[in-house]
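Chemist: To start, I am sharing the structure in question, which I have written as C-alpha coordinates.
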Amino acid sequence: VMGCFASKKKEELPVPVPPAEDDEDTKQLIQAILLRISGIREKAEDYNANLQNQVVAIEKEKCVSMDEQPMRVNGVVLHAFAPDEPGNSLLEATEGQKIEIVVRDMGGWTYCRTKDNTAPGWLPADRVTEIAELVADHETGGAEGLLSLKTGDMVEVINRHYSGWAQCRRWTSAAKGGDLLPGALDDDREIGWVTDAYLQDNRSEAMLATKWHRLVLQALDEVVSCAKQLEEYLSQARPEDRSEDPEWMDKCMQFCLYLSNELTQISEAMSQHDQSANAAGHYATTSVKVVGNSEHELNLDEGERLLVVEADNADWAWCQKQGQEFYGWVPRNCLIVEAGPAKSEAAKPEEYDWNLPIWLKVHELARWWSASGQRYCDVTISEVNEVTNQVTVIFVQDASCWKCVPFEHFQQPEADWLLQPMQDKAKELVNQLPDWIRVGRTAYWWSASQHRVLPVSIKDINSRRRQVAIVFLVNKDVKKLV
(Lines give C-alpha, C1' and ligand atoms only; values in the text may rest on other atoms or scores of the structure.)
Protein backbone atom coordinates (compact mmCIF):
# COMPACT_ATOMS: atom_id res chain seq x y z
CA VAL A 1 0.00 0.00 0.00
CA MET A 2 2.80 2.42 0.93
CA GLY A 3 4.42 1.65 -2.38
CA CYS A 4 1.29 2.51 -4.25
CA PHE A 5 1.05 5.89 -2.57
CA ALA A 6 4.70 6.56 -3.14
CA SER A 7 4.31 5.93 -6.84
CA LYS A 8 1.74 8.68 -7.21
CA LYS A 9 2.81 12.26 -7.95
CA LYS A 10 2.13 14.91 -5.40
CA GLU A 11 -0.80 17.09 -6.37
CA GLU A 12 0.41 20.56 -7.33
CA LEU A 13 -1.23 23.43 -5.38
CA PRO A 14 -2.35 26.50 -7.44
CA VAL A 15 0.12 29.35 -7.35
CA PRO A 16 -1.59 32.49 -5.91
CA VAL A 17 -1.78 35.39 -8.39
CA PRO A 18 -0.69 38.69 -6.80
CA PRO A 19 -3.29 41.49 -7.09
CA ALA A 20 -2.80 43.86 -9.98
CA GLU A 21 -0.98 47.05 -9.12
CA ASP A 22 -0.65 50.36 -10.87
CA ASP A 23 2.75 51.40 -12.09
CA GLU A 24 4.47 54.28 -10.35
CA ASP A 25 3.48 56.86 -12.96
CA THR A 26 -0.21 55.95 -12.65
CA LYS A 27 -0.07 56.19 -8.86
CA GLN A 28 1.54 59.62 -9.02
CA LEU A 29 -1.06 60.82 -11.56
CA ILE A 30 -3.95 59.63 -9.36
CA GLN A 31 -2.42 61.36 -6.34
CA ALA A 32 -1.99 64.56 -8.36
CA ILE A 33 -5.68 64.48 -9.40
CA LEU A 34 -6.74 63.79 -5.80
CA LEU A 35 -4.62 66.69 -4.58
CA ARG A 36 -6.11 69.01 -7.22
CA ILE A 37 -9.67 67.94 -6.44
CA SER A 38 -9.08 68.39 -2.72
CA GLY A 39 -7.85 71.94 -3.34
CA ILE A 40 -10.91 72.75 -5.46
CA ARG A 41 -13.25 71.40 -2.79
CA GLU A 42 -11.57 73.27 0.06
CA LYS A 43 -11.57 76.55 -1.88
CA ALA A 44 -15.25 76.13 -2.76
CA GLU A 45 -16.05 75.40 0.90
CA ASP A 46 -14.22 78.58 1.96
CA TYR A 47 -16.17 80.65 -0.60
CA ASN A 48 -19.36 79.02 0.65
CA ALA A 49 -18.68 79.83 4.30
CA ASN A 50 -17.87 83.49 3.52
CA LEU A 51 -21.00 83.91 1.39
CA GLN A 52 -23.16 82.28 4.08
CA ASN A 53 -21.92 84.89 6.55
CA GLN A 54 -22.73 87.69 4.08
CA VAL A 55 -26.27 86.33 3.60
CA VAL A 56 -26.86 86.17 7.34
CA ALA A 57 -25.59 89.76 7.79
CA ILE A 58 -27.71 91.14 4.91
CA GLU A 59 -30.89 89.37 6.00
CA LYS A 60 -30.34 90.45 9.61
CA GLU A 61 -29.97 94.07 8.47
CA LYS A 62 -33.13 93.95 6.34
CA CYS A 63 -35.06 91.58 8.56
CA VAL A 64 -38.78 92.34 8.80
CA SER A 65 -41.36 89.96 10.22
CA MET A 66 -43.12 88.02 7.47
CA ASP A 67 -46.43 88.77 9.18
CA GLU A 68 -45.87 92.50 8.57
CA GLN A 69 -45.27 92.05 4.84
CA PRO A 70 -47.97 91.66 2.17
CA MET A 71 -48.02 88.37 0.30
CA ARG A 72 -46.18 88.52 -3.04
CA VAL A 73 -47.46 85.92 -5.50
CA ASN A 74 -44.54 84.47 -7.48
CA GLY A 75 -45.35 80.76 -7.71
CA VAL A 76 -48.02 78.14 -8.25
CA VAL A 77 -48.62 74.62 -6.90
CA LEU A 78 -48.27 71.92 -9.58
CA HIS A 79 -49.55 69.00 -7.54
CA ALA A 80 -51.59 69.01 -4.33
CA PHE A 81 -49.76 68.22 -1.09
CA ALA A 82 -51.03 67.32 2.38
CA PRO A 83 -48.62 66.62 5.27
CA ASP A 84 -48.97 63.30 7.07
CA GLU A 85 -49.11 64.96 10.45
CA PRO A 86 -50.71 68.34 11.20
CA GLY A 87 -49.00 70.92 13.36
CA ASN A 88 -45.50 70.70 11.83
CA SER A 89 -43.83 73.21 9.52
CA LEU A 90 -45.19 71.57 6.35
CA LEU A 91 -47.96 73.36 4.45
CA GLU A 92 -51.07 71.98 2.82
CA ALA A 93 -51.69 73.14 -0.75
CA THR A 94 -54.02 72.39 -3.65
CA GLU A 95 -53.19 72.07 -7.34
CA GLY A 96 -53.12 75.44 -9.09
CA GLN A 97 -52.97 77.40 -5.83
CA LYS A 98 -50.90 80.59 -6.00
CA ILE A 99 -48.11 80.95 -3.45
CA GLU A 100 -45.20 83.19 -2.45
CA ILE A 101 -41.85 81.42 -2.82
CA VAL A 102 -39.44 82.73 -0.20
CA VAL A 103 -36.54 80.30 -0.79
CA ARG A 104 -36.84 78.23 -3.95
CA ASP A 105 -34.97 75.01 -3.19
CA MET A 106 -33.25 73.82 -0.03
CA GLY A 107 -32.52 70.12 -0.11
CA GLY A 108 -35.59 69.32 -2.19
CA TRP A 109 -37.96 71.61 -0.25
CA THR A 110 -39.35 75.08 -1.00
CA TYR A 111 -39.89 77.63 1.78
CA CYS A 112 -43.06 79.52 0.97
CA ARG A 113 -46.42 80.77 2.22
CA THR A 114 -49.97 80.63 0.94
CA LYS A 115 -52.92 82.99 1.02
CA ASP A 116 -54.67 80.76 3.56
CA ASN A 117 -51.61 80.50 5.79
CA THR A 118 -49.44 83.63 5.97
CA ALA A 119 -47.01 81.87 8.32
CA PRO A 120 -44.25 80.46 6.06
CA GLY A 121 -43.67 76.72 5.81
CA TRP A 122 -42.34 73.99 3.52
CA LEU A 123 -43.62 72.32 0.35
CA PRO A 124 -41.81 69.72 -1.80
CA ALA A 125 -39.79 71.58 -4.43
CA ASP A 126 -41.00 69.30 -7.25
CA ARG A 127 -44.63 70.21 -6.50
CA VAL A 128 -44.29 73.95 -7.03
CA THR A 129 -42.87 76.23 -9.69
CA GLU A 130 -41.88 79.87 -9.92
CA ILE A 131 -43.68 82.31 -12.23
CA ALA A 132 -42.66 85.83 -13.24
CA GLU A 133 -43.95 88.73 -15.34
CA LEU A 134 -41.90 90.60 -17.94
CA VAL A 135 -41.33 94.23 -16.92
CA ALA A 136 -40.14 95.21 -20.42
CA ASP A 137 -39.98 93.81 -23.95
CA HIS A 138 -37.24 91.17 -24.18
CA GLU A 139 -35.95 91.30 -27.76
CA THR A 140 -33.40 88.65 -28.72
CA GLY A 141 -31.98 90.18 -31.90
CA GLY A 142 -32.23 86.75 -33.52
CA ALA A 143 -29.90 85.12 -30.98
CA GLU A 144 -30.39 81.36 -30.70
CA GLY A 145 -31.64 79.96 -27.39
CA LEU A 146 -33.20 83.23 -26.15
CA LEU A 147 -36.90 83.87 -25.64
CA SER A 148 -38.52 86.86 -27.35
CA LEU A 149 -41.20 88.23 -25.00
CA LYS A 150 -43.37 91.30 -24.53
CA THR A 151 -44.09 93.43 -21.49
CA GLY A 152 -46.67 91.72 -19.28
CA ASP A 153 -45.99 88.19 -20.60
CA MET A 154 -45.89 85.48 -17.94
CA VAL A 155 -43.18 82.82 -17.85
CA GLU A 156 -42.35 79.81 -15.73
CA VAL A 157 -38.85 80.19 -14.29
CA ILE A 158 -37.18 76.79 -14.64
CA ASN A 159 -33.73 77.74 -13.45
CA ARG A 160 -31.74 80.85 -12.53
CA HIS A 161 -27.99 81.23 -12.94
CA TYR A 162 -25.63 83.52 -11.05
CA SER A 163 -24.50 85.02 -14.37
CA GLY A 164 -27.80 86.92 -14.51
CA TRP A 165 -29.75 84.68 -16.90
CA ALA A 166 -32.91 82.67 -16.23
CA GLN A 167 -34.09 79.65 -18.17
CA CYS A 168 -37.84 80.11 -18.72
CA ARG A 169 -40.83 78.48 -20.34
CA ARG A 170 -43.76 80.41 -21.75
CA TRP A 171 -46.58 80.35 -19.22
CA THR A 172 -49.52 80.55 -21.64
CA SER A 173 -49.83 78.11 -24.51
CA ALA A 174 -51.84 79.58 -27.36
CA ALA A 175 -52.51 76.08 -28.68
CA LYS A 176 -54.20 75.19 -25.40
CA GLY A 177 -56.26 78.37 -25.35
CA GLY A 178 -55.19 79.57 -21.90
CA ASP A 179 -53.10 78.95 -18.82
CA LEU A 180 -51.50 75.52 -18.67
CA LEU A 181 -50.07 74.03 -15.52
CA PRO A 182 -46.34 73.36 -15.99
CA GLY A 183 -45.34 69.72 -16.11
CA ALA A 184 -48.34 68.61 -18.18
CA LEU A 185 -47.59 65.62 -20.40
CA ASP A 186 -48.55 67.51 -23.54
CA ASP A 187 -46.69 70.66 -22.53
CA ASP A 188 -45.08 71.97 -25.74
CA ARG A 189 -44.33 75.54 -24.69
CA GLU A 190 -41.14 77.20 -25.90
CA ILE A 191 -38.12 77.18 -23.57
CA GLY A 192 -35.26 79.69 -23.67
CA TRP A 193 -33.10 82.09 -21.72
CA VAL A 194 -34.20 85.52 -20.48
CA THR A 195 -32.13 88.30 -18.93
CA ASP A 196 -33.02 88.15 -15.25
CA ALA A 197 -33.35 91.94 -15.04
CA TYR A 198 -36.46 91.76 -17.28
CA LEU A 199 -38.33 89.54 -14.79
CA GLN A 200 -40.49 91.04 -12.04
CA ASP A 201 -39.22 89.65 -8.74
CA ASN A 202 -42.07 89.55 -6.24
CA ARG A 203 -39.89 88.98 -3.20
CA SER A 204 -39.14 90.71 0.07
CA GLU A 205 -36.32 93.24 0.24
CA ALA A 206 -34.15 90.82 2.22
CA MET A 207 -34.59 88.00 -0.31
CA LEU A 208 -33.92 90.33 -3.26
CA ALA A 209 -30.73 91.55 -1.59
CA THR A 210 -29.45 87.97 -1.22
CA LYS A 211 -30.83 86.47 -4.45
CA TRP A 212 -27.48 86.53 -6.26
CA HIS A 213 -25.65 85.19 -3.19
CA ARG A 214 -28.00 82.20 -2.97
CA LEU A 215 -27.50 81.36 -6.66
CA VAL A 216 -23.73 81.36 -6.14
CA LEU A 217 -24.13 79.24 -3.00
CA GLN A 218 -26.13 76.74 -5.05
CA ALA A 219 -23.34 76.56 -7.66
CA LEU A 220 -20.68 76.18 -4.92
CA ASP A 221 -22.66 73.35 -3.28
CA GLU A 222 -22.70 71.57 -6.65
CA VAL A 223 -18.91 71.94 -7.02
CA VAL A 224 -18.30 70.62 -3.48
CA SER A 225 -20.66 67.67 -4.01
CA CYS A 226 -19.08 66.68 -7.35
CA ALA A 227 -15.56 67.04 -5.93
CA LYS A 228 -16.40 64.71 -3.01
CA GLN A 229 -17.85 62.13 -5.41
CA LEU A 230 -14.71 62.18 -7.56
CA GLU A 231 -12.45 61.92 -4.49
CA GLU A 232 -14.37 58.87 -3.28
CA TYR A 233 -14.38 57.31 -6.74
CA LEU A 234 -10.61 57.72 -7.18
CA SER A 235 -9.79 56.39 -3.72
CA GLN A 236 -11.95 53.24 -4.15
CA ALA A 237 -11.30 52.38 -7.78
CA ARG A 238 -9.23 49.22 -8.44
CA PRO A 239 -6.57 48.77 -11.13
CA GLU A 240 -8.70 46.14 -12.92
CA ASP A 241 -11.52 48.69 -13.13
CA ARG A 242 -9.21 51.12 -14.84
CA SER A 243 -7.89 48.49 -17.24
CA GLU A 244 -11.43 47.78 -18.47
CA ASP A 245 -11.82 51.41 -19.64
CA PRO A 246 -8.80 52.79 -21.51
CA GLU A 247 -10.26 56.32 -21.25
CA TRP A 248 -10.83 56.07 -17.47
CA MET A 249 -7.92 58.33 -16.51
CA ASP A 250 -8.69 60.85 -19.25
CA LYS A 251 -12.31 61.10 -18.08
CA CYS A 252 -11.20 61.78 -14.50
CA MET A 253 -8.79 64.49 -15.67
CA GLN A 254 -11.48 66.10 -17.87
CA PHE A 255 -13.96 66.16 -14.98
CA CYS A 256 -11.31 67.68 -12.70
CA LEU A 257 -10.67 70.35 -15.35
CA TYR A 258 -14.43 71.05 -15.59
CA LEU A 259 -14.71 71.60 -11.81
CA SER A 260 -11.63 73.82 -11.88
CA ASN A 261 -13.10 75.96 -14.68
CA GLU A 262 -16.47 76.18 -12.93
CA LEU A 263 -14.83 77.37 -9.70
CA THR A 264 -12.79 79.91 -11.69
CA GLN A 265 -15.98 81.27 -13.28
CA ILE A 266 -17.63 81.52 -9.84
CA SER A 267 -14.58 83.31 -8.45
CA GLU A 268 -14.60 85.78 -11.35
CA ALA A 269 -18.34 86.33 -10.91
CA MET A 270 -17.82 87.08 -7.20
CA SER A 271 -15.03 89.53 -8.01
CA GLN A 272 -17.14 91.18 -10.72
CA HIS A 273 -20.11 91.41 -8.34
CA ASP A 274 -17.97 93.23 -5.76
CA GLN A 275 -16.75 95.66 -8.43
CA SER A 276 -20.27 96.10 -9.81
CA ALA A 277 -21.57 97.08 -6.36
CA ASN A 278 -19.35 100.17 -6.57
CA ALA A 279 -19.47 100.57 -10.34
CA ALA A 280 -20.58 104.22 -10.45
CA GLY A 281 -17.82 106.28 -12.03
CA HIS A 282 -16.17 103.23 -13.61
CA TYR A 283 -16.01 102.15 -17.22
CA ALA A 284 -17.61 98.86 -18.30
CA THR A 285 -17.73 96.73 -21.44
CA THR A 286 -20.78 94.87 -22.72
CA SER A 287 -20.36 91.07 -22.73
CA VAL A 288 -23.20 90.50 -25.23
CA LYS A 289 -25.28 92.50 -27.69
CA VAL A 290 -27.93 94.53 -25.84
CA VAL A 291 -31.25 95.39 -27.52
CA GLY A 292 -32.94 98.39 -25.90
CA ASN A 293 -36.69 97.98 -25.68
CA SER A 294 -37.72 101.48 -24.63
CA GLU A 295 -36.61 105.08 -25.04
CA HIS A 296 -34.77 104.82 -21.71
CA GLU A 297 -32.68 101.72 -22.62
CA LEU A 298 -29.49 101.72 -24.69
CA ASN A 299 -28.85 99.68 -27.85
CA LEU A 300 -25.33 98.30 -27.64
CA ASP A 301 -23.03 95.98 -29.56
CA GLU A 302 -20.93 93.34 -27.87
CA GLY A 303 -17.68 94.82 -26.57
CA GLU A 304 -18.97 98.41 -26.52
CA ARG A 305 -17.49 100.62 -23.78
CA LEU A 306 -19.67 102.64 -21.39
CA LEU A 307 -19.39 104.88 -18.38
CA VAL A 308 -21.48 103.65 -15.43
CA VAL A 309 -23.11 106.76 -13.98
CA GLU A 310 -25.36 105.14 -11.38
CA ALA A 311 -25.44 101.56 -10.04
CA ASP A 312 -27.81 101.64 -7.07
CA ASN A 313 -30.36 99.30 -8.68
CA ALA A 314 -29.67 95.57 -8.25
CA ASP A 315 -30.52 94.67 -11.87
CA TRP A 316 -29.94 97.80 -13.96
CA ALA A 317 -27.21 100.43 -14.37
CA TRP A 318 -27.64 103.97 -15.75
CA CYS A 319 -24.85 104.39 -18.30
CA GLN A 320 -23.41 106.82 -20.84
CA LYS A 321 -21.99 105.73 -24.17
CA GLN A 322 -18.30 106.54 -24.27
CA GLY A 323 -17.65 109.86 -25.99
CA GLN A 324 -21.36 110.41 -26.70
CA GLU A 325 -24.27 112.17 -25.06
CA PHE A 326 -26.50 109.08 -25.00
CA TYR A 327 -27.70 107.91 -21.58
CA GLY A 328 -29.87 104.94 -20.71
CA TRP A 329 -30.42 101.76 -18.70
CA VAL A 330 -28.40 98.58 -19.29
CA PRO A 331 -28.90 95.16 -17.61
CA ARG A 332 -26.09 94.79 -15.10
CA ASN A 333 -25.41 91.15 -15.95
CA CYS A 334 -24.42 92.29 -19.48
CA LEU A 335 -21.64 94.54 -18.13
CA ILE A 336 -18.03 93.70 -17.29
CA VAL A 337 -16.90 96.49 -14.96
CA GLU A 338 -13.30 97.65 -15.24
CA ALA A 339 -11.31 97.81 -12.02
CA GLY A 340 -9.91 101.32 -12.38
CA PRO A 341 -12.17 104.35 -11.84
CA ALA A 342 -12.87 106.66 -14.74
CA LYS A 343 -11.52 110.18 -14.76
CA SER A 344 -13.58 112.40 -12.52
CA GLU A 345 -14.33 114.89 -15.26
CA ALA A 346 -15.81 112.13 -17.41
CA ALA A 347 -18.12 110.90 -14.68
CA LYS A 348 -20.46 113.85 -15.00
CA PRO A 349 -22.33 114.98 -18.09
CA GLU A 350 -22.17 118.55 -19.21
CA GLU A 351 -24.29 120.83 -17.06
CA TYR A 352 -27.59 121.87 -18.56
CA ASP A 353 -30.34 124.05 -17.20
CA TRP A 354 -33.34 121.71 -17.21
CA ASN A 355 -35.66 124.29 -15.67
CA LEU A 356 -37.43 121.60 -13.62
CA PRO A 357 -40.79 122.20 -11.90
CA ILE A 358 -40.38 123.71 -8.44
CA TRP A 359 -42.43 120.91 -6.83
CA LEU A 360 -39.82 118.27 -7.77
CA LYS A 361 -38.30 117.97 -4.29
CA VAL A 362 -37.24 114.99 -2.19
CA HIS A 363 -39.97 113.70 0.19
CA GLU A 364 -42.69 115.54 -1.73
CA LEU A 365 -45.92 113.67 -2.48
CA ALA A 366 -46.87 113.40 -6.17
CA ARG A 367 -49.02 111.34 -8.54
CA TRP A 368 -47.91 108.78 -11.14
CA TRP A 369 -50.10 107.91 -14.12
CA SER A 370 -50.35 104.12 -14.45
CA ALA A 371 -50.98 103.20 -18.08
CA SER A 372 -51.87 99.61 -17.15
CA GLY A 373 -54.30 100.62 -14.40
CA GLN A 374 -55.52 103.74 -16.20
CA ARG A 375 -55.39 105.76 -12.98
CA TYR A 376 -53.13 107.96 -10.88
CA CYS A 377 -51.16 106.37 -8.02
CA ASP A 378 -49.77 108.27 -5.05
CA VAL A 379 -45.95 108.32 -4.96
CA THR A 380 -43.20 109.93 -2.92
CA ILE A 381 -40.19 111.59 -4.59
CA SER A 382 -37.19 109.80 -3.10
CA GLU A 383 -34.38 111.32 -5.19
CA VAL A 384 -33.65 114.14 -7.64
CA ASN A 385 -30.26 113.13 -9.08
CA GLU A 386 -28.38 115.85 -10.98
CA VAL A 387 -25.64 113.40 -11.98
CA THR A 388 -27.88 110.90 -13.75
CA ASN A 389 -30.45 113.61 -14.62
CA GLN A 390 -33.43 111.66 -13.34
CA VAL A 391 -36.10 111.64 -10.65
CA THR A 392 -36.84 108.50 -8.62
CA VAL A 393 -40.27 107.97 -7.06
CA ILE A 394 -41.56 105.24 -4.70
CA PHE A 395 -45.17 104.09 -4.66
CA VAL A 396 -47.05 104.78 -1.44
CA GLN A 397 -49.10 101.61 -1.81
CA ASP A 398 -46.03 99.37 -2.24
CA ALA A 399 -42.64 100.72 -1.20
CA SER A 400 -40.87 97.94 -3.16
CA CYS A 401 -42.12 99.48 -6.44
CA TRP A 402 -40.32 102.47 -7.91
CA LYS A 403 -40.00 104.45 -11.15
CA CYS A 404 -37.29 106.64 -12.64
CA VAL A 405 -38.13 109.67 -14.76
CA PRO A 406 -35.39 111.40 -16.84
CA PHE A 407 -35.19 115.19 -16.63
CA GLU A 408 -35.90 115.49 -20.36
CA HIS A 409 -39.36 114.04 -19.73
CA PHE A 410 -40.33 117.38 -18.21
CA GLN A 411 -39.38 119.21 -21.43
CA GLN A 412 -42.62 117.88 -22.93
CA PRO A 413 -45.96 119.66 -22.56
CA GLU A 414 -47.15 119.46 -18.95
CA ALA A 415 -50.28 117.54 -19.99
CA ASP A 416 -48.04 114.65 -21.20
CA TRP A 417 -46.13 114.25 -17.92
CA LEU A 418 -46.51 110.83 -16.30
CA LEU A 419 -45.45 112.38 -12.98
CA GLN A 420 -47.80 115.11 -11.83
CA PRO A 421 -47.80 117.25 -8.69
CA MET A 422 -50.24 116.36 -5.96
CA GLN A 423 -52.81 119.07 -5.47
CA ASP A 424 -52.37 121.18 -2.36
CA LYS A 425 -55.77 120.11 -1.07
CA ALA A 426 -54.88 116.43 -1.48
CA LYS A 427 -51.59 116.90 0.39
CA GLU A 428 -53.43 118.72 3.13
CA LEU A 429 -55.87 115.82 3.45
CA VAL A 430 -53.07 113.22 3.67
CA ASN A 431 -51.15 115.27 6.22
CA GLN A 432 -54.29 115.54 8.37
CA LEU A 433 -54.45 111.76 8.80
CA PRO A 434 -53.08 110.26 12.03
CA ASP A 435 -49.41 109.28 11.81
CA TRP A 436 -50.19 105.57 12.21
CA ILE A 437 -52.27 105.46 9.02
CA ARG A 438 -49.63 104.19 6.63
CA VAL A 439 -49.85 101.57 3.91
CA GLY A 440 -48.84 98.14 5.21
CA ARG A 441 -49.53 98.95 8.86
CA THR A 442 -51.73 96.69 10.98
CA ALA A 443 -54.70 98.30 12.71
CA TYR A 444 -57.92 97.16 14.43
CA TRP A 445 -61.53 97.44 13.29
CA TRP A 446 -64.47 97.48 15.69
CA SER A 447 -67.13 95.06 14.47
CA ALA A 448 -70.55 96.24 15.66
CA SER A 449 -72.13 92.94 14.64
CA GLN A 450 -69.61 90.75 16.48
CA HIS A 451 -68.96 93.20 19.33
CA ARG A 452 -65.20 92.79 19.13
CA VAL A 453 -62.13 94.21 17.41
CA LEU A 454 -60.67 92.50 14.32
CA PRO A 455 -57.11 92.95 12.95
CA VAL A 456 -56.91 94.66 9.56
CA SER A 457 -54.15 95.75 7.19
CA ILE A 458 -54.09 99.20 5.55
CA LYS A 459 -53.83 98.53 1.81
CA ASP A 460 -54.22 101.95 0.18
CA ILE A 461 -54.59 105.66 0.92
CA ASN A 462 -56.42 107.39 -1.92
CA SER A 463 -56.26 111.16 -1.66
CA ARG A 464 -58.46 111.73 -4.72
CA ARG A 465 -61.32 109.62 -3.37
CA ARG A 466 -60.50 110.60 0.21
CA GLN A 467 -60.63 106.98 1.32
CA VAL A 468 -58.46 104.49 3.19
CA ALA A 469 -58.74 100.88 1.98
CA ILE A 470 -58.39 98.11 4.55
CA VAL A 471 -58.51 94.31 4.36
CA PHE A 472 -59.38 91.96 7.22
CA LEU A 473 -56.55 89.60 8.20
CA VAL A 474 -58.94 86.85 9.37
CA ASN A 475 -60.53 86.81 5.91
CA LYS A 476 -58.70 88.74 3.21
CA ASP A 477 -61.69 88.57 0.88
CA VAL A 478 -63.44 91.04 3.20
CA LYS A 479 -62.49 94.68 2.54
CA LYS A 480 -63.74 98.09 3.57
CA LEU A 481 -63.29 101.69 2.46
CA VAL A 482 -63.12 104.29 5.22
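The values are calculated or read from the model by the stated rules, or taken from the named source; none is laboratory data. The model shown is predicted, which means the values in this text are computed figures rather than measured ones. All Cβ positions, glycine included, derive from the backbone under ideal geometry; neighbour counts span all protein chains shown. Quick note on the areas: whole protein, heavy atoms, side chains included, nothing else; ligands and nucleic acids left out. Shrake-Rupley method; radii C 1.70, N 1.55, O 1.52, S 1.80 Å.
Chemist: Express in % the proportion of alpha carbon pairs of region 65-160 at distances exceeding 17 Å.
Modeler: 54 percent
Chemist: Further, regarding this structure: For the pair GLN374/LYS115, report the inter-label distance in nm, with labels modelled 7 Å from Cα in the Cβ direction.
Modeler: Result: 2.4 nm between the two label points.
Chemist: If you don't mind, there's one more thing I want to ask. Just by accessible area at a 1.4 angstrom probe, what is the order of TRP109, TRP368, TRP436 from largest to smallest?
Modeler: Result, largest first: TRP436, TRP109, TRP368.
Chemist: Does anything in region 457-482 have its amide N under 19 Å from the 7 Å Cα→Cβ label point of TRP445, and if so which residues?
Modeler: Output list for this probe position: 457-463, 465-482.
Chemist: Rounded to the nearest 10 Å², what accessible area does LYS321 show when all protein chains are kept and the probe is 1.4 Å?
Modeler: 40 Å²
Chemist: How much length is gained on full extension from GLU190 to ASN355, taking 0.36 nm per residue of separation minus their Cα-Cα distance?
Modeler: Residue separation times 0.36 nm, minus the Cα-Cα distance, leaves 54.6 nm.
Chemist: Still on this structure: Can you give the alpha-carbon Rg of region 202-341 over 2.2 N^0.38 Å, where N counts its residues?
Modeler: Scaled against compact globular proteins, the figure is 1.46.
Chemist: What full-extension length gain, to one decimal in nm, is calculated for CYS401 and GLU428 as 0.36 nm per residue of separation minus the Cα-Cα distance? Working shown, then result.
Modeler: Values: separation 27, 0.36 × 27 = 9.72 nm, distance 2.43 nm.
Extra length available between CYS401 and GLU428 comes to 7.3 nm.
Chemist: Okay, next question. Could you sort GLU295, GLU428 by accessible area so the largest value comes first, with the probe set to 1.4 Å?
Modeler: Details: GLU295 160, GLU428 85 Å².
Largest accessible area first, the list is GLU295, GLU428.
Chemist: Next question. Work out, step by step, the length gained on full extension between ALA143 and ASP416: first 0.36 nm times the residue separation, then minus their alpha carbon distance; give nm to one decimal.
Modeler: Numbers: separation 273, 0.36 × 273 = 98.28 nm, distance 3.60 nm.
Taking ALA143 through ASP416 to full extension adds about 94.7 nm, to one decimal.
Chemist: Given +1 on the Cβ of Lys and Arg, -1 on the Cβ of Asp and Glu, and no further charges, what dipole in debye does region 279-330 carry about its Cα centre, rounded to the nearest 20? Spell out each step's value before the answer.
Modeler: Numbers: 3 positive and 9 negative charges, 34 e Å.
I would put it at about 160 debye.
Chemist: Rg and Dmax of region 81-123, Cα atoms, in Å?
Modeler: Using the Cα atoms of region 81-123, the pair Rg, Dmax is 9.7, 25 Å.
Chemist: Which whole number in µm²/s is D for region 369-468 by Stokes-Einstein, with the Kirkwood Rh taken over Cα pairs at 37 °C and 0.692 mPa s?
Modeler: For these conditions, the coefficient is 208 µm²/s.
Chemist: Determine which residues of region 102-124 fall in the zone a paramagnetic label at VAL73 would reach in this model, i.e. backbone nitrogen under 11 Å from the point 7 Å along Cα→Cβ.
Modeler: Inside the label zone: 115.
Chemist: ILE358 accessible area, nearest 10 Å², 1.4 Å probe?
Modeler: 140 Å²
Chemist: Take peptides 451-457, 309-315 and line them up by average Cβ neighbours within 10 Å, highest first, as a rough protection proxy.
Modeler: Ranking, from highest mean packing down: 309-315, 451-457.
Chemist: Taking the Cβ of GLU92 as the center, what net charge do the other residues with Cβ under 14 Å away carry, scoring Lys and Arg +1 and Asp and Glu -1?
Modeler: With Lys, Arg at +1 and Asp, Glu at -1, the neighbours total -1.
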